[in-house]
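A short worksheet on the structure shown next.
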Amino acid sequence: MATVRALSVPAAGAALAPTTISRRDPRPDDVLIDIRFAGVCHSDIHQARQEWGPAIFPMVPGHEITGVVAAVGADVTRFAVGDRVGVGCFVSSCQRCDACVAGEEQYCTGPNPVFTYNGTEYDGEPTYGGYSQQIVVREAYVLRIPDALALDAAAPLLCAGITTYSPLRHWKIGPGSKVAVVGLGGLGHMGVQLAHALGADVTVLSQSLAKEKDGLRLGADRYRATSDPATFEELRGSLDFILNTVSANLDLDAYLSLLRLDGTMCNVGGPADPGAYRAFSLIAARRSLTGSNIGGIRETQEMLDFCAEHGLAAEIELITAADVNVAYDRVVASDVRYRFVIDAATI
């Protein structure tokens, strides 16, 4: 066992504070990673504040992790000391259920994937995340970071990037697709870049036009304010796909009305009260209302390679460990463009 420095939440809603945690000695199929950077995802805040149900404390958040391989187990073949690597939202799965066999480990049913933090390993030990200086992960759940991606700007791709890439790929978004991205935050700013790179016509739907210049710079073809009733009238029946990246409660009927025949609205944000919709909002044009959850290991690597090929990365504010509690409050206030990333050397 090794003792490493970390940032921990001792109890629900408490401030993050410096601590030490134990990491297991690498097993034959393990990779020991020196963490360089860890993104701050809004889900870190939800879980640290126990807003998504009972949580495990003390908690070390962080599932947007990049770093460098420090050691490998005897059976590891894909990675060597010095490799640039990443770790996302889960660090193990059963590898036997239909989802795992299909490369969709994020939907593991045997019984669940082991989440990078606020989870329990199959041996019963709690998991601690990326707000720390090292992590030990099974080789099968480690990603390779292409040389073209800076490690700090690549960290948010391990959640924000794959969470938006996966549904765009699943619903075959490409040239000719009319896509709207709801919200221009940590997820939304990646969704716009990825949809644009896939060849889609992209509209941002946001409460106001405050981020319009950013949205157009990131690849949107237009930027519309949802606070303006004319937006819903003028875009009615015009979209193939809506990617909803926000956790706010929306007027679902209004958004569904923007879809054309066989259009799909996909939710990747998790509102506390998702609200209701009228069945005829779907029936009238054979529309679909659905959701998507991150992505599997194979698809996450595909996303990283795609971002490297197209010069895409997260837009970040690099912070120190001392800044994280303030950063949490700023995320809740939507005061970040567009992802905080912790320099792990400051932990």
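The values are calculated or read from the model by the stated rules, or taken from the named source; none is laboratory data. This structure is a prediction, so every number in the text was calculated from the model and none was measured. As a convention, Cβ positions derive from the backbone with ideal geometry for all residues, glycine included, and neighbour counts pool all protein chains shown. We work out accessible area using only protein heavy atoms, side chains counted, and drop any ligands, DNA or RNA first. Shrake-Rupley method; radii C 1.70, N 1.55, O 1.52, S 1.80 Å.
Restricting to the range 35-82, give me the number of residues that are surrounded by fewer than 17 Cβ atoms within 10 Å (Cβ to Cβ) and acidic (Asp, Glu).
Qualifying residue count, the range 35-82: 2.
Within the range 252-289, track down each residue that is part of a strand (DSSP E or B), open to solvent by 20 Å² or more (accessible area, probe 1.4 Å) and touching a Pro at 6+ places or on another chain (Cβ under 8 Å).
Going residue by residue through the range 252-289, those that are part of a strand (DSSP E or B) are 259-267, 288-289.
Of the ones still in play, those that are also open to solvent by 20 Å² or more (accessible area, probe 1.4 Å) are 260-262, 267, 288-289.
Of everything in the range 252-289, just one residue is part of a strand (DSSP E or B), open to solvent by 20 Å² or more (accessible area, probe 1.4 Å) and touching a Pro at 6+ places or on another chain (Cβ under 8 Å), namely Asn267.
Need the failing condition index for Phe306 against (1) outside the structural domain of Thr226 (by the TED database); (2) assigned to a strand (DSSP E or B), just the number.
Condition (2) is where Phe306 drops out.
For Ala195, state whether it is farther than 12 Å from Leu304 by Cβ, at pLDDT 95 or above, of a type in the set (Gly, Ala, Ser) and within 19 Å of the chain's Cα centre (by Cα). So that I can check it myself, show each step before the final result.
Values: farther than 12 Å from Leu304 by Cβ: yes; at pLDDT 95 or above: yes; of a type in the set (Gly, Ala, Ser): yes; within 19 Å of the chain's Cα centre (by Cα): yes.
When the stated conditions are applied, Ala195 passes them.
What are the pairs, 6+ residues apart or on separate chains, where a residue within the range 273-289 that is farther than 13 Å from Ala254 by Cα has its Cβ under 7 Å from a residue that is part of a loop (DSSP other than H, G, I, E, B) and open to solvent by 60 Å² or more (accessible area, probe 1.4 Å)?
If the second residue must be part of a loop (DSSP other than H, G, I, E, B) and open to solvent by 60 Å² or more (accessible area, probe 1.4 Å), the pairs left are Asp273/Asn249; Pro274/Asn249.
Can you find a residue in the range 109-118 that is open to solvent by 20 Å² or more (accessible area, probe 1.4 Å), touching a Ser or Thr at 6+ places or on another chain (Cβ under 9 Å) and modelled with pLDDT of 95 or more?
Yes, the range 109-118 has at least one match.
Where in the range 20-105 are there strands (runs of 3 or more DSSP E), lying wholly inside it, with at least 2 residues that are of a type in the set (Lys, Arg)?
The strands (runs of 3 or more DSSP E) meeting that bar number zero.
So Ala180 ticks every box in (1) more than 17 Å from Ala254 (Cβ to Cβ); (2) open to solvent by less than 10 Å² (accessible area, probe 1.4 Å); (3) not assigned by the TED database to the domain that holds Arg36 but one. Which box is left unticked?
(1)
Quick one: how many residues across the range 212-251 are surrounded by 15 or more Cβ atoms within 10 Å (Cβ to Cβ) and modelled with pLDDT under 95?
Summing the residues that are surrounded by 15 or more Cβ atoms within 10 Å (Cβ to Cβ) and modelled with pLDDT under 95 in the range 212-251 gives 3.
Could you tell me how many of the residues in the range 60-91 are out of contact with any Asp or Glu (no Cβ under 9 Å at 6 or more places or on another chain) and either at pLDDT below 95 or not charged (D, E, K, R) (or both)?
Of the residues in that region, 6 qualify.
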